[in-house]
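Visitor: Below is a structure I'd like to ask you about.
The values are calculated or read from the model by the stated rules, or taken from the named source; none is laboratory data. Just so it is clear, the structure is predicted and the values come from calculations on it, not from any experiment. Cβ atoms come from the backbone with ideal geometry, glycine included; neighbour counts cover every protein chain shown. Protein only, heavy atoms only, side chains kept; ligands, DNA and RNA dropped before computing areas. Shrake-Rupley method; radii C 1.70, N 1.55, O 1.52, S 1.80 Å.
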Amino acid sequence: MTSVAHAWKIRIVAAVIAVATSLAAAPAGVAQEGGYGPPRTPWGAPDLTGAWSNKTTTPLERPAELADQAFLTEEERAARNPESGVSTEERSAFMPTGAYNDFWLEQGELNLRTSLVVDPPDGRLPPLTGPERQRQQVLPNSFSPTAQFDSWLDFNTYDRCITRGMPGAMMPGFYNHNYQIVQTEDHVAILVEMIHDARIIPLDGSAHPAPSLRQWLGDSRGRWDGDTLVIETTNFTDKVTTRGGVMIAGSGHLRTVERLTRVSDDTIAYEITVTDPTVWSAPWTVAVPMTAMDDPVFEYACHEGNYALPNILSGQRATDAAGAASR
């Protein structure tokens, strides 16, 4: 539904930097290179600026056959690394109508971890709460071949090119896993290539706004803990309702804590801890390395509301009419 738009990418890095500039201890289990000290900004903070990618084929949750194995050996990683991208069968299962070939997919490679989830220790997401499990059973799924599209309300915020929500916006999906980070003394800005989400994070010690002010990506406040940027985000909207795949997201009760540590010239160790007692039965943490890119972040030309939706809905009406005529 957002397919051909991605072919027409236009550089927007200069504009993003202009906007952000106008605003002005490593995570658990991640070690800096021996004696490594990150580059510094003119005001002395660790320099995280640049374009970064978190693409990887490491699964979110640990495969059942790996049980309690938290890390692969180098030999196991080499044997498991895909050599030819996503298979036709896998792609067809995800998008029955086709749309993307491997040119558009950024698969990356496995890292040595067997899952992106590092806590709980079993590498699996905590169970959903009972009410959340019941709610998800009745949510419309636009990727289902049997989906019925009665109105725009049957599409989630990802379908409508609005947002993937959090923590999904900061986790790999299947393409456009790229981020532009810029800094000033009192702000950090993160541009997310997929769905063109943008996060502007004050570092001035100011408090979150009143709970009544809700935003798609919440309200973020950052601080430096040694060489680690810690970002705490609250005040999420409850309008991001889909919570699976690249759309994994919490409710209005969500709280996230992110940690970004530059551990080498080409790697940021990124962790996010997710807490939402109305969705998951316990907090959970994901670790995703971010690798420096030589290429800039590009425009993700999927427009809010998604221009394809009127065509999809008119197609459904034609299908409905054909079905009625045959009865």
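Visitor: With respect to Met166, determine if the residue is of a type in the set (A, V, I, L, M) and within 18 Å of Glu106 (Cα to Cα). Walk me through it before giving the result.
Guide: Working: of a type in the set (A, V, I, L, M): yes; within 18 Å of Glu106 (Cα to Cα): no.
For Met166, the condition - of a type in the set (A, V, I, L, M) and within 18 Å of Glu106 (Cα to Cα) - is not met.
Visitor: Can you name the residue in segment 145-169 that is under 30 Å from Pro296 (Cβ atoms) and aliphatic (A, V, I, L, M) and is also surrounded by the fewest Cβ atoms within 10 Å (Cβ to Cβ) among such residues?
Guide: Here the answer is Ile162.
Visitor: Going through segment 196-218 one residue at a time, which ones are in contact with a Leu (Cβ under 8 Å, 6 or more places away or on another chain), buried (at least 19 other Cβ atoms within 10 Å of the Cβ) and either part of a strand (DSSP E or B) or not acidic (Asp, Glu) (or both)? Steps first, please.
Guide: Looking only at segment 196-218, we keep the residues that are in contact with a Leu (Cβ under 8 Å, 6 or more places away or on another chain), and these are 197-200, 218.
Those still in the list that are buried (at least 19 other Cβ atoms within 10 Å of the Cβ) too: 197, 199, 218.
Answer for segment 196-218, where residues must be in contact with a Leu (Cβ under 8 Å, 6 or more places away or on another chain), buried (at least 19 other Cβ atoms within 10 Å of the Cβ) and either part of a strand (DSSP E or B) or not acidic (Asp, Glu) (or both): Arg199, Gly218.
Visitor: Mind checking which residues of segment 243-265 are farther than 30 Å from Pro39 by Cβ and over 13 Å from the mean Cα position of the chain (by Cα)? Explain how you work it out, then say what you get.
Guide: If we filter segment 243-265 for residues that are farther than 30 Å from Pro39 by Cβ, which is where we start, we get 243-255.
Matches in segment 243-265: Ser251, Gly252, His253, Leu254, Arg255.
Visitor: OK, next. From the list Leu60, Leu66, Leu72, Leu48, pick out the single residue that is open to solvent by less than 50 Å² (accessible area, probe 1.4 Å), modelled with pLDDT of 90 or more and within 27 Å of Asp204 (Cβ to Cβ). Steps first, please.
Guide: Values: Leu60 fails: within 27 Å of Asp204 (Cβ to Cβ); Leu66 fails: within 27 Å of Asp204 (Cβ to Cβ); Leu72 fails: within 27 Å of Asp204 (Cβ to Cβ).
Just one listed residue meets the conditions, Leu48.
Visitor: Can you confirm whether Thr261 is farther than 19 Å from Ile162 by Cα, open to solvent by 40 Å² or more (accessible area, probe 1.4 Å) and β-branched (Val, Ile, Thr)? Spell out the reasoning first.
Guide: Numbers: farther than 19 Å from Ile162 by Cα: yes; open to solvent by 40 Å² or more (accessible area, probe 1.4 Å): no; β-branched (Val, Ile, Thr): yes.
No.
Visitor: May I ask you to verify whether Ala189 is at negative phi, open to solvent by 60 Å² or more (accessible area, probe 1.4 Å) and either under 18 Å from the mean Cα position of the chain (by Cα) or at pLDDT below 95 (or both)?
Guide: It is false that Ala189 is at negative phi, open to solvent by 60 Å² or more (accessible area, probe 1.4 Å) and either under 18 Å from the mean Cα position of the chain (by Cα) or at pLDDT below 95 (or both).
Visitor: Another one. Taking segment 104-139, which residues are assigned to a loop (DSSP other than H, G, I, E, B), modelled with pLDDT under 90 and touching a Ser or Thr at 6+ places or on another chain (Cβ under 9 Å)?
Guide: Within segment 104-139, the first condition is being assigned to a loop (DSSP other than H, G, I, E, B), and the residues that meet it are 105-112, 114-116, 120-127, 129, 138-139.
From what's left, modelled with pLDDT under 90: 105-111, 138-139.
Correct list: Glu106, Gln107, Gly108, Glu109, Leu110, Asn111, Leu139.
Visitor: Residues of segment 231-254 being surrounded by fewer than 18 Cβ atoms within 10 Å (Cβ to Cβ) and charged (D, E, K, R), which ones?
Guide: Residues satisfying the conditions are Glu232, Asp238, Lys239.
Visitor: Also: Can you say whether Pro172 is part of a loop (DSSP other than H, G, I, E, B), within 28 Å of Thr57 (Cα to Cα), of a type outside the set (Phe, Trp, Tyr) and open to solvent by 60 Å² or more (accessible area, probe 1.4 Å), as far as the supplied structure shows?
Guide: Working: part of a loop (DSSP other than H, G, I, E, B): yes; within 28 Å of Thr57 (Cα to Cα): yes; of a type outside the set (Phe, Trp, Tyr): yes; open to solvent by 60 Å² or more (accessible area, probe 1.4 Å): no.
Against the criterion (part of a loop (DSSP other than H, G, I, E, B), within 28 Å of Thr57 (Cα to Cα), of a type outside the set (Phe, Trp, Tyr) and open to solvent by 60 Å² or more (accessible area, probe 1.4 Å)), Pro172 does not qualify.
Visitor: Six or more apart or on different chains, Cβ atoms under 8 Å: show the pairs whose first residue is in segment 129-144 and open to solvent by less than 50 Å² (accessible area, probe 1.4 Å) and whose second is among the charged types (D, E, K, R).
Guide: Short answer, once both residue conditions are applied: Glu132/Arg243; Ser142/Asp154; Ser142/Asp159.
Visitor: In the list Val286, Val274, which residue meets the criterion of being closer than 30 Å to Asn235 by Cβ, touching a Phe, Trp or Tyr at 6+ places or on another chain (Cβ under 7 Å) and surrounded by 19 or more Cβ atoms within 10 Å (Cβ to Cβ)?
Guide: On the way: Val286 fails: touching a Phe, Trp or Tyr at 6+ places or on another chain (Cβ under 7 Å).
Criteria check complete, one pass: Val274.
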